[in-house]
Structures are given as C-alpha cells and as structure tokens.
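Nothing in this text is a laboratory measurement; each read-out follows from the coordinates by a stated rule. Being a predicted model, the structure only gives us computed values, none of them experimental. A quick note on method: Cβ atoms are made from the backbone with ideal geometry, for glycine too, and the neighbour counts reach across all protein chains shown.
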Amino acid sequence: MSEHEQRNRVVLLGAGGVGKSSILKRFLFNTFSGTYQETVEDLYCREYLIQGADIRVDFLDTAGKLVFPAMRRLSITTAHAFILVYSVTDQETFEEVKRFWEQIKEVRSNYEDIPCVIVGNKIDLEDNRQVEKFDALNWVYNDGNCGAFIEVSAKNNECILDVFKLLMEKAKNPRLPINEPFMPRRLSEHSLEVQSGHVADKTNGSESSADATSKIGRSRSLIRRGSKPKVRKSHARSHNKQDCVIS
C-alpha cells in the first residue's frame, strides 16, 4: 500500500437473515442467491480512485447470530462507516437495528461524524411488510443518525447502488440530511455514470447505455408509500482497481 493510499472499513450490521451478504454481493459481484447461508465474518477488499486519491475499502460482512460481544464491539470500534440492515418483513430485525445504533453511540463518542446508512431490505416482499416506511423514517430523522435511509431489494437489484452512493455522500458530509433519491443515469459492467459523479469498474466488459438502463430501472423515491475472519482479497491490483469520482 502506497503512502498516499487511504484505508477505510465499512461494517455491515444486522440480524441474521436480513440480507446483509446479499446486498454486499449484489453490489460487488452483481450476484444473488436465494439460499440462506449463515455468515461467520467475511471481509472483501477493494481499491478505488476517488478524486485523485487511492482509497482501499474493506467491506466487513458480520454475523447476525452467535456473535461474541467482544467481536461485535471490535467491529464497531474499528469501523469508518456503517450500513445497518433490517428486513421490512420482520419488525424484530428493525428493533435490532435500533439496538445496534444504541451500541454504536455507546462505543463511538464521535458517532455523529461517522457515515451511516439505514437499509430496509426485501421490498420485493411488499405483501409481507411489517415495518412501515413512515415508522422507519420517523426513527431515522429523530434519533441523530442524520437521515441516511433507503429501502432496497437485493433480489431484484433495486436501489442497491444507491446504498453505497448514500454512504459516499455521508462520508463527504456526515451531518448532511439526505432524503432525495439518487437516479442512476447509466450503468454497465465497465462503467457507471450518475448525476453527481462517475464510477468505473475495470473488472468486466462493457455494454450499451440503453441495455444497462433497462437492467437497473428507475430508482424509487426514498419516500415510498407508507402502507402496506474469512478474508477475500484482490489477487492483483490491476484486476480489481475501481475508479470513483464524486463531484
């Protein structure tokens, strides 16, 4: 790692079975598996170029069950950013996210300056919804986590990219409330362009803008209707280097 390279750790927290691994794998590899496999602790390392600086990001996918308190506390202590995930089909998983947030506030005195995004997963199961969006928004905006909130579907690849765009926006200004949807303009296996910036993935081939846009579809508004350690590292920097420029 060069002397100009920064290293950051993004920690995903949430109850078992809410889709933390599915969200991360959809973002990193654009894959999804409907078979649940309990996570012990997985670490994925990626390198990005952000506004001329080399940034190394370690994505830590934590276990939802059978976790030693010391291990969980360590993951919270060492994190530079958090993604807290619950399932919209399970009220208890939302309560668990609240408990995670209280633990973060207890462990990290600078919690207000740490980027954090609250994610409600499984909106493809709308008919089974138990956590209303209004209730989640009410908690997010009134409990000091700066309003970074979004609902997604890892299965349908809906708004997954927006989770990490929100996180980047929070990293630029942690205290900035964010409640507007991010609308991806072009997505391909080779590059991603959005209204606020550009992300280039050099690990895959390319496809047309029209084809990519049809795959990702339109991002839904963040204000939707209210009813209803294994370590996996890059083998070669040149193969996994990603460029990300946010204006």
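Could you compute the net charge surrounding residue 138? Neighbours are other residues with a C-beta less than 13 Å from the C-beta of residue 138; K and R count +1, D and E count -1. Value of the local net charge: -1. In this simple spin-label model, placing a label point 7 Å from the Cα along the Cα-to-Cβ direction at both residue 37 and residue 130 gives a separation of 2.6 nm.
Under 5 Å from the amide H of residue 41 lie the amide H atoms of 230, each residue being 5 or more positions distant or on a separate chain, with H modelled from the backbone and absent for Pro and chain starts. Reported to the nearest whole Å, the Cα centre-to-centre distance from the range 14-54 to the range 81-120 is 17.
Looking at the range 1-62, none of the trypsin sites (Lys or Arg not before Pro) sits in a DSSP loop with at most 10 other Cβ atoms within 10 Å of its own Cβ.
Defining a contact as two alpha carbons under 8 Å apart and six or more residues distant in sequence, what relative contact order in percent does the range 6-182 show?
The normalised contact order for the range 6-182 reaches 24 percent.
Loop-resident GluC sites (Glu not before Pro) (DSSP state other than H, G, I, E or B) in the range 1-110 with no more than 15 further Cβ atoms inside 10 Å of their Cβ: 3, 5, 38. A Förster radius of 45 Å, combined with the Cβ-Cβ distance separating residue 173 from residue 30, puts the computed FRET efficiency at roughly 0.95. Residue by residue, the range 39-54 carries 3J(HN,Hα) couplings of 7, 8, 5, 10, 10, 10, 10, 9, 10, 9, 10, 10, 6, x, 10, 6 Hz when phi is fed to the Karplus relation 6.51 cos²θ - 1.76 cosθ + 1.60 (θ = phi - 60°); x denotes Gly or Pro.
For the range 1-107, applying the loop criterion from DSSP together with a ceiling of 13 other beta carbons within 10 Å to the chymotrypsin sites (Phe, Trp or Tyr not before Pro) yields 36.
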